[in-house]
1. Please compute the Kirkwood hydrodynamic radius of region 231-273 from all pairs of different C-alpha atoms, in Å with one decimal.
2. Using the Kirkwood radius built from alpha carbon pairs, what does the Stokes-Einstein equation give as D for region 143-238 at 10 °C and 1.306 mPa s, in µm² per second?
3. Short version: ³J(HN,Hα) in whole Hz for each residue of region 201-210, in order, from phi by Karplus 6.51 cos²θ - 1.76 cosθ + 1.60 (θ = phi - 60°), x for Gly and Pro, what are they?
4. Quick one: with all protein chains in place, what share of the accessible area of region 105-201 is carbon or sulfur, to the nearest percent (1.4 Å probe)?
5. Place +1 on the Cβ of every Lys and Arg and -1 on the Cβ of every Asp and Glu in the chain, take the dipole about the Cα centre, and give the residue among Y32, A280, G208 whose Cα lies farthest towards its positive end.
6. Restricting to DSSP loop positions (anything but H, G, I, E, B) with no more than 16 other Cβ atoms inside 10 Å of their own Cβ, which GluC sites (Glu not before Pro) remain in region 211-267?
7. Give me the 1.4 Å probe accessible area per residue for region 101-189, excluding ligands and nucleic acids, in Å².
8. For region 115-188, run through the trypsin sites (Lys or Arg not before Pro) and keep only the ones in DSSP coil with at most 12 other Cβ atoms within 10 Å of their Cβ.
Amino acid sequence: MRRLLMLLVAGLLVLPVGAPPGDTAEDRLVVYTAYEENELKTFWEQFKKDLPDLAAKAAYIRGSTGPTIARLEAEKANPQADVVWGVFNDYMTGAASKGLLEPYAAKESTAIPARFKHPDNLWQGVTLLTVAFAVNQKKMAELKLPPPKSWADLIDPKYKGHVVMSNPSTSGTAYLLLASHAARLGEDKMWQYYEALDRNLYQVTKSGGAPGRMAASGETPIGVALAYEVEVAKRQGAPIDVIYPADGIAWTFEGNALVKGAKNPQNAKRFLDWAVSKAAMTSYAAWRGAALTRTDVPVSGPKISEMNLIAIDFVKAGDPAYKDRLVKRWLEKFSR
């Protein structure tokens with residue numbers, strides 16, 4: 001009995017030296033994303049087709065840009081996400097400066113121009129965005145109003161009560177617009193512009209996608225929205241037009257990143273490799289047309305580079321202190 005006991009003890013002491021831990025495999029992948037649900041369906045289906053083994057253990061949590069990054073920051077000490085996917089680059093710049101992201105150069109990311117990547121590979125941009133007017137043709141005809149052609153037109157009193165836009169404290173689209181107008185006009189004139197615009201607003205929405213949807217459904221004649229969303233609604237039969245403001249177009253791009261302290265880093269890296277691949281970019285093109293950061297993916301549609309884009313410093317726009325100051329001022333002046 002004594003000999004048996006000694007053998008058992010010896011076995012217990014020796015086994016851990018040569019045996020791996022019982023659960024070394026990464027069995028999950030959690031993705032935080034700000035892509036809209038309708039386009040996510042297309043993107044996620046492509047992901048499941050290309051990497052079925054990884055997709056089987058993956059889940060995404062979708063939210064507007066601001067709340068998504070706020071959640072990431074709140075979880076900094078105990079990250080619940082592994083990947084951030086499709087989030088505006090100014091928010092990604094802010095997240096990087098707060099130490100929320102881990103450097104990772106995704107495979108094939110060399111195909112993305114340097115202007116769309118963080119210099120230290122804390123994020124890589126994949127999809128481009130522009131802000132335009134979503135104009136419901138039917139509603140405008142009923143009101144006997146001409147469509148606005150510029151930001152200057154939008155503050156004309158004849159549009160009072162006919163414009164919907166989103167809130168920059170919760171919507172990445174609205175913050176992009178705020179920072180773009182600051183770059184276009186200078187801050188003093190920008191606030192004067194917003195005061196005039198505020199008098200014409202019918203509603204301020206929490207989600208950046210809501211103004212376009214409201215214009216498409218006829219709830220409002222004019223929504224300040226992401227152009228690609230309006231184009232999609234038009235293809236689906238909505239009586240809606242995309243009008244790019246003649247006096248400057250706000251634009252940005254969405255990017256992907258590895259979360260610092262991710263619990264499933266290898267799965268996260270596989271996903272990030274896929275997210276910049278040609279297959280992923282082709283699925284993005286189904287919704288975004290030519291608005292991709294990779295130039296080697298065949299697409300059709302107007303090139304963003306040929307538009308009258310507002311010259312904006314994305315590093316400045318993404319600085320948390322700068323953003324907080326602009327958003328706080330907006331809330332003080334215009335919060336409903």
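1. On the way: mean 1/r = 0.0690 Å⁻¹.
When all Cα pairs of region 231-273 are included, the Kirkwood radius is 14.5 Å.
2. Details: Rh = 13.7 Å.
It comes out at roughly 116 µm²/s.
3. Couplings: 6, 8, 7, 10, 9, 6, 8, x, x, 5 Hz.
4. On the way: 2000 of 3960 Å².
Here carbon and sulfur together make up 50 percent of the probe-accessible area.
5. Y32
6. Numbers: sites: E219, E229, E231, E254; in loops: E219.
For GluC sites (Glu not before Pro) across region 211-267 that sit outside H, G, I, E and B with at most 16 neighbouring Cβ atoms in 10 Å, the list reads E219.
7. On the way: 3690 Å² over 89 residues.
Value returned for region 101-189: 41 Å² of accessible area per residue.
8. Numbers: sites: R115, K117, K138, K139, K144, K149, K158, K160, R184; in loops: K144, K149, K160.
Those satisfying the criteria are K144, K160.
The values are calculated or read from the model by the stated rules, or taken from the named source; none is laboratory data. Since we're looking at a predicted model, the values are computed, not measured. We place every Cβ from the backbone using ideal geometry, glycine too, and count neighbours over all the protein chains shown. Protein only, heavy atoms only, side chains kept; ligands, DNA and RNA dropped before computing areas. Shrake-Rupley method; radii C 1.70, N 1.55, O 1.52, S 1.80 Å.
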